[in-house]
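This report concerns only the one structure given below.
Every read-out reported here was derived from the displayed coordinates using simple, explicitly stated rules and does not represent laboratory data. Keep in mind that this is a model prediction, so the values were computed, not measured. Methodologically, a virtual Cβ is constructed for each residue, glycine included, from the backbone with ideal geometry; neighbour enumeration extends over all protein chains shown.
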Amino acid sequence: MNITKNLINWYSVNKRDLPWRNTVNPYFIWLSEIILQQTQVAQGLPYYVKFTSKFPTVFDLAKARESQVLKLWQGLGYYSRARNLHASAKYIVNELNGEFPNTYNEIIKLKGVGDYTASAIASICFNEITPVVDGNVFRALSRIYGISTPINTSKGFKEFKALAETLIDKREPATFNQAIMEFGARQCKPKNPDCNICPFNTKCVALQKNKILEFPVKLKSLKVKKKYFNFIVILSSDKKTVLEKREGKGIWQNLYQFPLVETKKTANFLEIEERLKDFSVLKDKSFSLSLYNDVEIVHKLSHQHLHTKFWVVTLDDVLPTGISINKLIEFPVPILIGNFIERFNF
DNA sequence: AACGCGGGGCC
DNA sequence: GGCCCAGCGTT
């Protein structure tokens, strides 16, 4: 039995009709691949539509301001993807005369493009024979071949990349790469795969051993950290508030938020009141403090849980340096803040 | 090699 | 609650 041909046959019958499958324009394929990093198709699809509509060419994207790109990316997460996308667009326009690089070795030089994305673009757009190894490929191959090497190690990556190298169709690398990923996403799913209808069910090593769910093997990651966030929502008499831009390296870089007070444990009224003394815009002003959410909002990221309280400061004065609350919608904000803005009756 | 980085969906 | 998702960059 020929795995390569079986995958391609399976794909010809089962592939979904997705907008980026009707083009080999490298700009569109690049956009789709960045959006789909660590992101399911259902979640990324509306963003692909928005981005291709708002920025039809790499020149349009390069001309935009970073805050516009982040605003359009809002809610999708992993915001460094948006910043790198924008930086690479400017690089392509300014350094490459707007011509998209057309080999794996050139494509991987773009910020935000690693082995997977460079392989995907090079094969799909330029028929380069370079296999993709993503989460779907790890899962499908580890099950079919019964490979127990942990996938999140360099040894594991090399092993799977080499195996994929032997499998890729030399005449149809683009089709093969998309086929094996679609197979992993739709047939060889993480949970409850229907192995009865799988073309490989007679030879799949994991299935023979009845150990489908034990593959792929992955080294466990450490426990998630808890953090305690208190956002200070200032409301002035002239209907303004204060936003700050997140700088530095942490999460949500270059996005906006209400002034943040982080505490070691869940904060109480007195603690927040004390910390407000450091707020220069409140200096010598009269205001009242109240807690918006009695129950902490726990915003779960893959690596930390943010226990969040929103504190409302009502100010009996104007706020010359503040921003009008009806302009709030223009700022790129984390979804945690965006949800608050939607619910809060400003 | 290990870690940080979002948000949503599924079980 | 835990795991996964068309991974990448930094240290």
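Considering chain A as a Gaussian network with a 10 Å cut-off on Cα pairs, which listed residue, A:167, A:61, A:282, attains the greatest mean-square fluctuation?
A:282
Calculated FRET efficiency, residue A:50 and residue A:189, Cβ-Cβ r, R0 30 Å, to nearest 0.05? All intermediate terms of the calculation are to be shown ahead of the outcome.
Numbers: r = 27 Å, r/R0 = 0.91.
Efficiency computed from Cβ-Cβ geometry: 0.65.
Between residue A:127 and residue A:25, what is the label-point separation in nm under the 7 Å Cα-to-beta-carbon projection?
According to this spin-label approximation, the distance is 2.2 nm.
Work out the charge dipole of chain A with +1 on the Cβ of Lys and Arg and -1 on the Cβ of Asp and Glu about the Cα centre, then indicate which of A:256, A:318, A:36 is farthest towards its positive end.
Positive-end residue among those listed: A:36.
With label points built 7 Å along Cα→Cβ from the Cα atoms of residue A:295 and residue A:339, find their separation and express it in nm.
1.2
Rounded to the nearest 500, what is the 222 nm mean residue ellipticity of chain A from helices alone, with -39500 (n - 2.57) per DSSP H run of 4+ residues and division by all residues?
My calculation for chain A gives -12000 deg cm²/dmol from helical runs alone.
Between the range A:181-253 and the range A:1-27, what is the C-alpha centre distance in whole Å?
24
Given R₀ = 45 Å, FRET efficiency for residue A:78-residue A:284 by Cβ-Cβ distance, to 0.05?
Once rounded, the FRET efficiency stands at 0.60.
Give me the extension gain from residue A:157 to residue A:102: residue separation times 0.36 nm, minus the current Cα-Cα distance, reported in nm with one decimal. Intermediate results must be reported in sequence, preceding the final value.
Working: separation 55, 0.36 × 55 = 19.80 nm, distance 2.43 nm.
Result for the pair: 17.4 nm of gain on full extension.
Taking one equal scatterer on every alpha-carbon of the range A:179-334, how large is log10 of I(q)/I(0) by Debye at q = 0.08, 0.12, 0.20 1/Å?
Here log10 of I(q) over I(0) equals -0.43, -0.67, -1.29.
Using Cβ counts within 10 Å as a stand-in for footprinting exposure, how do A:139, A:275 rank, fewest first?
A:275, A:139
Can you give the FRET efficiency to the nearest 0.05 for residue A:167 and residue A:316, using r as the Cβ-Cβ distance and R₀ = 56 Å? Can you show the working numbers first?
On the way: r = 70 Å, r/R0 = 1.25.
E between residue A:167 and residue A:316, to the nearest 0.05, is 0.20.
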